[in-house]
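A short write-up of the structure that comes next.
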Amino acid sequence: MSVSPAPASPSRVASVPVAWRLAAFRTEGLPMIPIMILVTLALVAILAELIAPYNPEVGALGERFRPPAWIAGGSTAHLLGTDHIGRDVLSRLIFGARVSMVVGFTAVMVAGVLGTVLGILSGYLGGWVDQVIMRVTDTWLALPALTFAIFLAAIVGPSQWNIVIILGAVYWTRYARVIRGEVLSLKERDFVRLAIVAGCSKRTIMRRHILPNVLNTAIVLATLMLGVVIVTEAALSFLGVGVPPPKPAWGLMLADGKKGLMAGYWWLTVFPGVCIVLMVLAANLLGDWLRVKLDPQLRQL
Amino acid sequence: MKRFVARRLGYALLSLCLLSLTIFLFVRVTGDPTVLLVEPGASRADIEALRADLGLDRSLVVQYATFVRDIVRGDFGRSFYYRTPVLELYLSRLPNSLLLAVAAMAFSLLIGIPSGILAAVRVNGWWDGAGKIFSLLGLSMPSFWVGLLLILFFSVYLGWLPSSGSGTVWHVLMPAFALGWYFAAAHMRLTRSSMLEVLGSEYVKLARLKGLPEALVIGKHAFKNALIPVLTLAGINLVLMVNVAVVVETVFAWPGVGRLLYEGIAFRDFPVVQATVLVGGSMIVVVNLVVDLLYAVIDPRIRYER
Amino acid sequence: MSDRPLLELDHLSTHYVTARGTRIVRAVDEVSLTLRAGETLGIVGESGSGKTTLALSILRLLPPAAHIVGGALRFDGEDLLAKSPAQMRHIRGKRIAMILQDPMASLNPLFTVGDQVAEPVRVHEGVGRRRAWSRARSLLADVRIPVPDQRLREFPHQMSGGMRQRIVGAIAISCEPRILIADEPTTSLDVTIQAQYLKLLRDLQREHGLALIFITHNLGIVARMCDTVAVMYAGRVIESGPVRRIFNAPAHPYTQALIESIPRLGAGPTRLTAIDGQPPDLAVLPAGCSFQPRCTRAIERCRHEAPPAIEVAPGHPARCWLADQSKR
Amino acid sequence: MIEARDLTKHFPLRRGLFARVEGAVRAVDGVSFTIDSGRTLGVVGESGCGKSTTAKLILKLEEPTGGEIRFDGQPLAGLGAEELRRYRRSVQAVFQDPFASLNPRMRVGQIVAEPLVTNEILDGAKVRKRVAQLLDLVGLPERAADLFPHEFSGGQRQRIAIARALALSPRLVVLDEPVSALDVSIRAQILNLLTDLQRDLGLAYLFIAHDLAAVAHMSHTIAVMYLGKIVEYGPAKTIASEPRHPYTQALFAAALPAHPDETREEIILTGEVPSPVNPPGGCRFHPRCPHVFGRCSVEVPLLRGAHGREVACHLYDGVR
């Protein structure tokens, strides 16, 4: 009997485990632009002390509002100019990358782990567990994320780690919602039924049969969420309830930049914004690509 | 249908309760609420008076009941800064926010829906590519930065448009664009994907098999079905716009609800912050309810099945 | 009536080209078939054998990646491949109609049944709304739907699967087409409902003088409904001819095995003849005859050379080298 | 070996604001049957007749609302934890969709070994050996164990599912539409495999399908179900050659012929299967029955007969 494995049908390729797929990646298929942006930003964030020409938090009042080097009045001492108290914009941008990276990734992790776990419990266990988790999720989702975050920030006061916790608390609901939906459909799949027939416990089923099958979705969501979280962090900092000054967060720099806006000191507004957009754009591009690769169902998020 | 309405109403009511409970608990759990609720620089006696007023010595249940009772009466406390009831303050700012939101929504739909449909009909073509770039930029550029750039360009360099304030049509343009920018991209994306889904459906295939002209296939059979999720999203987004315009309103000093929230934070005016969040959240719960009910009117499947 | 076939496919080929143009999938390859007025033709094949693509090729309603790359397609003496898109539109739904597989999904949920049944009449015959609706009413009665007046104003989701499938049937016959193509029209229906529907189709065929093309994976439907049959395997028609002849004297080993692999009612627990191996992937077909790896009677020649259509008897071609031998 | 008595399963229908229970879906309503060691009971019926729910009850994926299941003479409801484990190990299943029944994130080896690992303490080498044996039993090469399910076609996946079901050497395997999702040319392979396994391992099968010919081919005994009740029950051969219940007759008439010369009596039922939420009173089949008479709408016919051949129809009340 000839039973050589048949070639995989294309429609099923999407259901291959992430780790396995990642190992099989060849560079040709990878979205090089977003990966390059993210890797560069990550390196900058890690090596900030080595790269940055100045201390980002200390300025020289004599050097206020210096334009970038290539504009009349600028000098190579401050490539991207200085701000309203004479701090070097380039150095602040470099250290700002660290803030955005750290806040972005940890907040996404907090929200992702919390949301995934609660989503799985809610979807698989059902009953009152599901009712409680879902009612909270629905209500929290109803609150506009930014307003909710502002409210929380106003209560707990500004600090970088508070922001991480706040963003996690605000955004876990998105994971919970999506993951629960996924679990509900997985639960009806025959392999879960067969696991019960084989005598597996609920814990085993959730760990071995449910979790690995929602990981793709969670990863795609996390990537897409990275952009959202970074923008929210910037907005909070911009409003003065995020990362406290004098720490160099990009949102904070925009808020400071506003002071020189009407005077035409454009570099204080343009450069931090470009950094935010680059990072968010990279996250979104990567997320889109991953979504197509790993989870075609997640279309309209 | 009646049952459907009743259930939706029940959920909405439950959500409102949970909403107030969430806010109540966060304020109590994170520390001494009197610190938040008392005016900066208040005397010890003031603090003690407030403590007694809030009944902090009583059980949480009683405190919550008082909290809800006050809200139901429309009593959200007084603003420290303006010295007026917060609700009045909120309502006086609301028309401005609504104006801005409607303008931004109109802009986002006018851009988003046609471009989304075009992208779906000419999928993978030139237009689709341009649309993808637009939607990516739209989703990646924070609205406040767009606002700042607009000011830089149109107010500072060209001097065409006022950089802040309200009053004339010219004042609305830039904030509406900055606010609508993100939503235009979101609406385009959703229109495109929902149109693509509908175009791939069996009933569109059947419409083609019937020999209908392509204009009728897209204009009649695809358009209405594809628009339902977009309009649902738009309905929710409109309210979202009223409430997330904090940053845009701050950038343009637009005297709306968002600006009120910002002032609340800046002046440590906690009753204002709390009320804005509560009222905003409630508004969204109510609009979700309305959208659900409207959905039932548009889509016959829901109307009869429940 | 002339002897000219109503529909004639002559070495028709439809290929899918993948996005980068690197892979070509020969979904329909050199298919020749004829259909006479009033006749019922069955096209049987397993999933991925190209039968649906064949149907869509006849209507020239292919997905963007698929292209008719060769052959001829004549309907009532007219060359369909030479028609403009606008001309094709006047043929679709009016002269050649098609019923899709899934009755649940093929009606638009947002429009009333009356609107959807009346639509082809309004578009193709330019009649007004009122007249189109009264036509729709008589069409619903034709497909044996009770209380048609009420049903016209209802929405698809208010009806059962069997009823919806009848409505799809009403839409198909609304403009009195010459040919009705039914793509797996009963797979999602229960056995007794399937029997109802097959009977309805046969009645409609008689009443309206339709030629039917049945696309199915089920030989039973062919045995019950069809006059002639074409068996598809990997994009090719490997055997075709009158139904009785094919069932009694199949020339191709695949057809033979297929007929013998189906359990028969009342035959008792005899051992079934199984076909080993798996249906091939259309993108990587084996060399020579595409059935050769699974064929128990393959000879050396089968592995190198794809067999042409060989007439085993008049009107009964088979693509098999063995058919060639048996003829001599 | 296994015996179901008056088995009933009603799903509560919840509606409204507080999810009040309003009526019930009577999925299975008073069903009795027995399956002996090494034999096959075939269950046929259309959608909504309760055949899949019956399978779930036997597999303990659902708990019955009434009646009982006895295993080796002992009621399941009274079993202790250890005996229940023994039951779980003795009864395994193969489902319809070969794409849904294998976890896409696990290797075939792990999938086949899962019941073993969960229920027995075995060392890795022994597990590997057993997996290789099982794969060989269903006609797959040993190296299949290292691959993922997506690397196999539908028919091969169904073989993997069968191997897994056999891992604990069960006595009964529930086969819920095991070939309906497969390509026509593959079905015979799987049906033959199942027949061989039954002969070699002495398995009992509960074979559920809507394809009458396949059920008749595979089964020793057949139960015909309609709207949650068994309407006819008996040896496969007699039922296939001489169906008595009007529904069974219609079902057989509707079955597609295997040859164009095979002509059948034409019995076309009117209407469709009613909803199990509110089944018709009296005989549930009466609104569609061609032989309906006064009594049918009033009185529920009981399953009666002799020599293991039972029919639930008033037509036969006096005849016996």
FRET E, pair C:HIS208, C:ASP10, Förster distance 25 Å, beta-carbon r, rounded to 0.05: 0.40
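If you take every DSSP beta bridge whose two residues both sit in the protein assembly as shown, what share of them, in percent to the nearest 5, is antiparallel?
60 percent
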Loop trypsin sites (Lys or Arg not before Pro), the range C:4-98, which have at most 13 other Cβ atoms in a 10 Å radius of their Cβ (DSSP): C:ARG20, C:ARG23
In Å, descending, principal axis extents of the Cα set of the range C:207-262: 38, 23, 17
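Which of the trypsin sites (Lys or Arg not before Pro) across the range B:1-104 are loop residues per DSSP, with 16 or fewer other Cβ within 10 Å?
Numbers: sites: B:LYS2, B:ARG3, B:ARG7, B:ARG8, B:ARG28, B:ARG44, B:ARG51, B:ARG58, B:ARG69, B:ARG73, B:ARG78, B:ARG83, B:ARG93; in loops: B:ARG58, B:ARG73, B:ARG83.
Sparse-neighbourhood loop trypsin sites (Lys or Arg not before Pro): B:ARG58, B:ARG73, B:ARG83.
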Mean Cβ neighbour count within 10 Å, used as a protection proxy, ranking D:49-59, D:127-137 highest first: D:49-59, D:127-137
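Among A:LYS187/D:LYS51; C:LYS51/C:LYS199; C:LYS199/D:LYS60; A:LYS187/D:LYS9; A:LYS187/D:LYS237, which pairs are too far apart, with a Cα-Cα distance over 32 Å? Display every interim value, and only then the final one.
Working: A:LYS187/D:LYS51 20 Å; C:LYS51/C:LYS199 23 Å; C:LYS199/D:LYS60 41 Å; A:LYS187/D:LYS9 21 Å; A:LYS187/D:LYS237 39 Å.
Too far apart for the 32 Å limit: C:LYS199/D:LYS60; A:LYS187/D:LYS237.
Among the GluC sites (Glu not before Pro) in the range C:237-307, which ones are in a DSSP loop with at most 15 other Cβ atoms within 10 Å of the Cβ? Mind listing them?
Working: sites: C:GLU239, C:GLU260, C:GLU300, C:GLU305; in loops: C:GLU305.
For GluC sites (Glu not before Pro) across the range C:237-307 that sit outside H, G, I, E and B with at most 15 neighbouring Cβ atoms in 10 Å, the list reads C:GLU305.
Per residue of D:76-83, how many C-beta atoms from partner chains lie within 10 Å of its own C-beta, taken as a mean?
Values: counts 0, 0, 0, 0, 0, 0, 0, 0.
So the per-residue partner count for this stretch is 0.
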FRET efficiency for A:VAL113 and B:ALA42, using Cβ-Cβ distance with R0 set to 60 Å, rounded to 0.05: 0.90
Antiparallel bridges, percent of DSSP beta bridges restricted to the range D:170-320 (to nearest 5): 70 percent
Karplus (6.51, -1.76, 1.60) ³J(HN,Hα), θ = phi - 60°, over the range B:163-178, in Hz, Gly and Pro reported as x: 7, 7, x, 8, x, 10, 4, 4, 5, 6, 3, 5, x, 5, 5, 4
Spin-label model distance (nm) - A:MET262 vs C:ARG153, 7 Å beyond Cα toward Cβ: 6.6 nm
Using θ = phi - 60° and Karplus 6.51 cos²θ - 1.76 cosθ + 1.60, couplings along the range D:252-265 (whole Hz; Gly, Pro as x): 5, 5, 7, 4, 6, x, 8, 8, x, 7, 6, 9, 10, 4
Rough spin-label spacing in nm, given labels placed 7 Å along Cα→Cβ, for A:ILE71 and B:TRP170: 2.5 nm
Exercise: per-residue mean of other protein chain Cβ atoms within 10 Å, D:263-269: 3
Karplus-derived HN-Hα couplings along the range C:56-72 (A = 6.51, B = -1.76, C = 1.60, θ = phi - 60°), whole Hz, x at Gly and Pro: 5, 5, 4, 8, 6, 10, 8, x, x, 6, 9, 9, 7, 9, x, x, 10
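If each residue of separation counts as 0.36 nm, what is the full-extension length gain between D:ILE267 and D:ASP72 once their alpha-carbon separation is subtracted?
On the way: separation 195, 0.36 × 195 = 70.20 nm, distance 4.13 nm.
In short, 66.1 nm is gained.
Mind checking the mean number of beta-carbon atoms from other chains within 10 Å of the Cβ atoms in C:193-199? Mind showing how you got there, number by number?
Working: counts 7, 4, 11, 6, 1, 3, 3.
Across C:193-199, the average partner-chain Cβ count within 10 Å equals 5.
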Amide proton proximity set for C:TYR233, modelled H, under 5 Å, gap of 5+: C:ILE238
Cut-off 14 Å (backbone N to label point 7 Å along Cα→Cβ of C:ALA141), residues of the range C:154-197: none
Spin-label pair B:LEU14/B:LEU158, simplified geometry with 7 Å Cα→Cβ offset, distance in nm: 5.2 nm
Alpha carbon Rg of the range D:172-320, scaled by the compact-globule rule 2.2 N^0.38 Å: 1.14
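Over chain C, what is the relative contact order in whole percent, taking alpha-carbon pairs under 8 Å and six or more residues apart?
On the way: 587 pairs, mean separation 65.0, N = 328.
Reported relative contact order: 20 percent.
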Spatially proximal lysines relative to A:LYS247 (Cα-Cα < 27 Å; intrachain offsets below 8 disregarded): A:LYS258, A:LYS259
At R0 = 35 Å, FRET efficiency that the Cβ-Cβ distance of A:LEU184 and C:GLU78 yields, to 0.05: 0.10
Sequence-distant lysines (8 or more away, or on other chains) whose Cα lies within less than 23 Å of A:LYS293: B:LYS132
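No lab work stands behind these numbers, since they all come straight from the coordinates. Everything numeric here is computed off the predicted structure, so don't read it as measured data. Glycine gets a Cβ as well: all are built from the backbone with ideal geometry, and neighbour counts include every protein chain shown.
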